[in-house]
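Beneath this line is the structure, given in structure tokens, with notes to follow.
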Amino acid sequence: MKKFIYMLMGILVFATVSFAGAQEELLNSANSLKEILRIHKIPTKILLKSKAIVVIPSASKIGFFIGGEFGGGVASIRRGDGSWSNPFFIKLKSGSLGWQFGYEHNSILLIFNSKNSVNSLLSSSTTIGADATASAGPLAKTYEKNSKINFSAEIYTYRKSEGLFLGASLKGGVISQDDDKDIEYYGNGMKASNITNMPIKQDTYAMKEYFNTINAIR
């Protein structure tokens, strides 16, 4: 049993390494965002209120009593004029103890709804559920049946999952900026604050696909 646990821990550490380049991750994020918006009918009220989004196209979740979820993606901030900023790259890491078993591959969309949650996202790292309250995102059909749904959560989460995983949640997950990929795509010295304030950069197919999709969130 101990040997198996050590092996699992090694797998979890290995899973933290993202082999996708910045261009590939951006294109994967655009495709995942498009797919999540298609399969999840998100209430218009949530989309209109959104102040930032995080898209994680390939989060791997594995566990056997101890577990974790790891992946990379991009984040964009809604600007004062309602437009979306250039995306900056992020990493997700979470670990948990307790009863849990299985493997799951997820595409994840996080919708940030408050200035507090956005400020936390722009800091070096943010912990879901600690720095900002998080809740599973309601669907439009649920909202139509129950218009009294409280839209007070700072972050709403939506997933597209493949595989089976029993136990644990995204609460406690840490989102941090992926400086290496930001530098790879934008150049040296580019932090999230620089990237989100610079003129829109649609110079690649991946970036154009990303903006074609995110601009549908109005």
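The values are calculated or read from the model by the stated rules, or taken from the named source; none is laboratory data. Just so it is clear, the model here is predicted, and its values are computed rather than measured. Here Cβ is always computed from backbone atoms with ideal geometry, including for glycine, and neighbour counts include all displayed protein chains.
The figures follow:
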read-out: Selected residue (only one of Ile128, Ile195, Ile217, Ile155 is of a type in the set (A, V, I, L, M, F, W, C) and at pLDDT 90 or above); value: Ile195
read-out: Qualifying residue in the range 184-191 (condition: in contact with a Gly (Cβ under 8 Å, 6 or more places away or on another chain), surrounded by 12 or more Cβ atoms within 10 Å (Cβ to Cβ) and either on the phi < 0 side of the Ramachandran plot or in contact (Cβ under 8 Å) with a residue 60 or more places away in the chain (or both)); value: yes
read-out: Qualifying residue in the range 26-37 (condition: touching a strand residue (DSSP E or B) at 6+ places or on another chain (Cβ under 6 Å) and at pLDDT below 85); value: no
read-out: Filter result (surrounded by 15 or more Cβ atoms within 10 Å (Cβ to Cβ) and modelled with pLDDT of 85 or more) within the range 8-25; value: Ala22, Gln23, Glu25
read-out: Leading residue by the ranking (nearest to Asn86 (Cα to Cα)) among those in the range 202-218 that are assigned to a loop (DSSP other than H, G, I, E, B) and touching a helix residue (DSSP H, G or I) at 6+ places or on another chain (Cβ under 9 Å); value: Gln202
read-out: Index of the failed condition, Gly173 passing every other in (1) in contact with a helix residue (DSSP H, G or I) (Cβ under 6 Å, 6 or more places away or on another chain); (2) modelled with pLDDT under 90; (3) surrounded by 19 or more Cβ atoms within 10 Å (Cβ to Cβ); value: (1)
read-out: Filter result (modelled with pLDDT under 60 and within 19 Å of the chain's Cα centre (by Cα)) within the range 75-100; value: Gly95, Ser96
read-out: Test for Gly72: is it modelled with pLDDT under 80 and not hydrophobic (A, V, I, L, M, F, W, C); value: no
